[in-house]
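Asker: What follows is a single structure, and I will ask about it in a moment.
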Amino acid sequence: MVATEIKNSLSRAKMSSFLQNIDALQKLPVADVADLMAELEDEHIAEILPKFKVQFQGLIFSHLPMVRQLGVFKILSVKTFAQVFETMPSDNRADFFQHLTQEEQSLLLPYISKKVREDVITLSAYPPETAGGIMSTDFATVQKNMRCDEAIQKVRCDAPSKKTIYYIYVVDEEQKMQGFVTLKDLIMAEPYQLVGQVLHTEFVFGYVDEDRESIAHKIEKYDLVAIPILNKEDQLVGIVTHDEAIDVIRAEHSEDMQKFMGILEANQEFDYMGTSTWKHFKKRVVWVVSLAAIGIISGIIIHSYEKALEKLLILALYMPMVADTGGNVGSQAATVVVRALALGQVTLRHWFNIIWREARVASLLAICLGLLAYGKVLFLSWETEIPPVYSLSSIALVISLALALQVVTATVIGACLPLLVKRFGGDPAVAASPAITTIVDITGLLIYFGTATFFFSI
């Protein structure tokens with residue numbers, strides 16, 4: 001109870017500070033203001049946001065995490081929020097609209113202008129994983145029969161978002177893409193020159209139904225500020241900007257990492273602090289429990305070699321070393337291959353080259369780690385009691401050999417799993433690190449005890 005009162009007191013103090021410094025805050029970058037406001041409670045954000053100038057309200061709101069946006073929306077009146085909504089960038093506006101329930105959407109639509117209403121409904125119709133789902137309609141267009149001074153005047157009147165004004169797209173009467181000019185082209189050209197005389201007809205573009213990750217990689221590959229998005233009739237319907245591409249790449253990377261670590265993908269935008277303990281549990285439990293069940297095989301293997309352990313108890317001391325080493329090198333190999341596949345550096349056609357390369361790397365690692373294991377056994381176990389028929393050096397040699405074989409097999413397994421998953425149409429990232437660890441644990445125990453029984457006949 002006391003802790004809650006202290007927290008509320010601090011929150012009220014922050015809110016009071018915000019209200020006293022609205023003018024100063026409006027001079028800061030929008031992202032910084034949003035970061036500061038994100039520390040407040042939703043009701044305090046809802047009280048402070050309308051105090052900013054109209055043109056800043058939507059920009060600040062767009063930079064808040066989605067869970068905070070939804071919380072503030074529920075507090076503000078629909079009429080007040082409509083003003084915030086109309087000043088949001090078109091892509092952020094559509095993204096937020098898609099997170100509302102049908103009832104909330106129907107309540108909001110009557111309060112926004114016809115132009116914004118048509119725009120948000122159109123953009124919201126595209127699946128979020130496509131280019132249409134992340135594109136913006138904040139772009140400028142001109143026609144090639146315009147004079148350059150007329151084109152500049154049109155761009156000035158259209159007043160699109162400042163971050164998208166570098167490229168000006170040239171379309172015909174049917175909105176079909178003809179090419180583009182840069183703002184520099186228009187400024188440097190003579191006023192009487194036609195836009196068609198400075199037109200760039202070779203350009204990179206994407207289609208509305210194209211995967212958003214493909215669009216992001218195009219922006220990265222060609223170092224673009226923005227990329228035009230066309231429909232099937234080659235009409236310009238939107239653009240995807242470089243900052244949206246960064247968000248896509250970051251989201252895809254986070255998704256791949258979650259899959260790789262055996263965490264099930266969430267169906268909604270994931271916020272760590274905003275997600276309940278139960279939801280965190282559900283995202284992780286399936287892989288962990290499944291692999292724990294498979295791990296019973298490891299127990300069966302150890303039980304089957306119980307007599308070998310009785311004769312050479314020293315073998316039990318170095319089982320964790322072999323298992324951990326196999327898990328580490330297997331996860332390393334899988335990570336490298338998954339990343340190479342994601343970046344398009346390799347394809348399934350390169351599978352033999354990948355395995356051959358990883359096997360050579362593993363052989364070098366096996367030599368280093370085998371020598372280290374040999375020295376480790378001699379150093380740590382020089383006082384350990386062993387049967388007189390065996391020598392410590394021979395035991396150390398067998399353990400180091402088993403570890404070396406484990407390094408090679410674990411690396412090859414780690415490299416093969418992502419390729420195998422992709423071959424059958426799955427996501428390579430689901431060759432999760434816990435799965436690799438479990439598999440190489442099993443193979444490692446078989447190699448370890450197999451090697452020991454072969455050399456020592458136990």
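Asker: Assuming Ala334 fulfils every condition listed in (1) buried (at least 19 other Cβ atoms within 10 Å of the Cβ); (2) under 30 Å from Ser457 (Cα atoms); (3) of a type in the set (Gly, Ala, Ser) apart from one, which condition is it?
Answerer: With (1) buried (at least 19 other Cβ atoms within 10 Å of the Cβ); (2) under 30 Å from Ser457 (Cα atoms); (3) of a type in the set (Gly, Ala, Ser) applied to Ala334, the lone miss is (2).
Asker: For residues in the stretch 162-177 being surrounded by fewer than 17 Cβ atoms within 10 Å (Cβ to Cβ) and at pLDDT below 90, which is farthest from Phe203 (Cα to Cα)? If you could, list the steps in order and put the result at the bottom.
Answerer: Here is the first cut: in the stretch 162-177, the residues surrounded by fewer than 17 Cβ atoms within 10 Å (Cβ to Cβ) are 162-163, 166, 172-176.
Now restrict to residues that are at pLDDT below 90: 162-163, 166, 173-175.
Values: Lys162: 21, Lys163: 19, Tyr166: 14, Glu173: 20, Glu174: 19, Gln175: 16 Å.
By that ranking, first place goes to Lys162.
Asker: Which residues, taken from the stretch 316-345, are touching a Phe, Trp or Tyr at 6+ places or on another chain (Cβ under 8 Å) and under 14 Å from Thr409 (Cβ atoms)?
Answerer: Hits for the stretch 316-345 are Val322, Ala334.
Asker: Another question, if that's okay. Specify which of the listed residues (Leu313, Leu372) is of a type in the set (A, V, I, L, M, F, W, C), surrounded by fewer than 19 Cβ atoms within 10 Å (Cβ to Cβ), more than 12 Å from Val408 (Cα to Cα) and at pLDDT 90 or above. First the steps, then the outcome.
Answerer: Numbers: Leu313 fails: at pLDDT 90 or above.
Answer to the selection: Leu372.
Asker: Hey, another quick one. With the structure loaded, tell me whether Ile152 is among the β-branched types (Val, Ile, Thr) and more than 24 Å from Arg117 (Cα to Cα) or whether it fails that test.
Answerer: Working: among the β-branched types (Val, Ile, Thr): yes; more than 24 Å from Arg117 (Cα to Cα): yes.
The answer is yes for Ile152.
Asker: Pick from the stretch 11-29 the residues that are surrounded by fewer than 18 Cβ atoms within 10 Å (Cβ to Cβ) and under 23 Å from Lys74 (Cβ atoms): which of them is modelled with the lowest pLDDT?
Answerer: Filtering the stretch 11-29 for residues surrounded by fewer than 18 Cβ atoms within 10 Å (Cβ to Cβ) gives 11-14, 16-17, 19-24, 26-29.
Still in the running and under 23 Å from Lys74 (Cβ atoms): 11-12, 14, 19.
On the way: Ser11: 55, Arg12: 59, Lys14: 65, Leu19: 70.
Filtering first and then ranking leaves Ser11.
Asker: Among what's in the stretch 205-236 and is outside any helix (DSSP H, G or I) and among the aliphatic types (A, V, I, L, M), pick the residue that is surrounded by the fewest Cβ atoms within 10 Å (Cβ to Cβ).
Answerer: Pass one, the stretch 205-236, residues outside any helix (DSSP H, G or I): 205-211, 223-236.
Filter once more, keeping what is among the aliphatic types (A, V, I, L, M): 208, 224-227, 229-230, 236.
Details: Val208: 19, Leu224: 19, Val225: 15, Ala226: 25, Ile227: 24, Ile229: 27, Leu230: 19, Leu236: 21.
Going through the qualifying residues, I end up with Val225.
Asker: Looking at Ala131, Ala151, can you tell me which residue is buried (at least 16 other Cβ atoms within 10 Å of the Cβ), touching a residue at least 24 places away in the same chain (Cβ under 8 Å), among the hydrophobic types (A, V, I, L, M, F, W, C) and in contact with a Lys or Arg (Cβ under 8 Å, 6 or more places away or on another chain)? Steps first, please.
Answerer: Values: Ala151 fails: in contact with a Lys or Arg (Cβ under 8 Å, 6 or more places away or on another chain).
Selected residue: Ala131, the only one of Ala131, Ala151 that is buried (at least 16 other Cβ atoms within 10 Å of the Cβ), touching a residue at least 24 places away in the same chain (Cβ under 8 Å), among the hydrophobic types (A, V, I, L, M, F, W, C) and in contact with a Lys or Arg (Cβ under 8 Å, 6 or more places away or on another chain).
Asker: Return the only residue of Ile263, Ile239 being surrounded by 17 or more Cβ atoms within 10 Å (Cβ to Cβ), at pLDDT below 70 and either under 17 Å from the mean Cα position of the chain (by Cα) or more than 30 Å from Leu378 (Cα to Cα) (or both). Full working, then the answer.
Answerer: On the way: Ile239 fails: at pLDDT below 70.
One residue alone meets the criteria, Ile263.
Asker: Of everything in the stretch 42-62, what is surrounded by 18 or more Cβ atoms within 10 Å (Cβ to Cβ) and not in a helix (DSSP H, G or I)? Give them in sequence order.
Answerer: Phe52 - this is the single residue of the stretch 42-62 that is surrounded by 18 or more Cβ atoms within 10 Å (Cβ to Cβ) and not in a helix (DSSP H, G or I).
Asker: A further question on this structure: Of Val398, Val408, Val361, Val338, which residue is among the β-branched types (Val, Ile, Thr) and under 20 Å from Lys311 (Cβ atoms)? So that I can check it myself, show each step before the final result.
Answerer: On the way: Val408 fails: under 20 Å from Lys311 (Cβ atoms); Val361 fails: under 20 Å from Lys311 (Cβ atoms); Val338 fails: under 20 Å from Lys311 (Cβ atoms).
Going through Val398, Val408, Val361, Val338 in turn, the sole match is Val398.
Asker: Please work out if Val288 is aliphatic (A, V, I, L, M), at pLDDT 80 or above and assigned to a helix (DSSP H, G or I).
Answerer: Working: aliphatic (A, V, I, L, M): yes; at pLDDT 80 or above: no; assigned to a helix (DSSP H, G or I): yes.
For Val288, the condition - aliphatic (A, V, I, L, M), at pLDDT 80 or above and assigned to a helix (DSSP H, G or I) - is not met.
The values are calculated or read from the model by the stated rules, or taken from the named source; none is laboratory data. In this text the structure is predicted, and so the values were computed from the model without any measurement. Backbone-built Cβ (ideal geometry, glycine too); neighbour counts: all protein chains shown.
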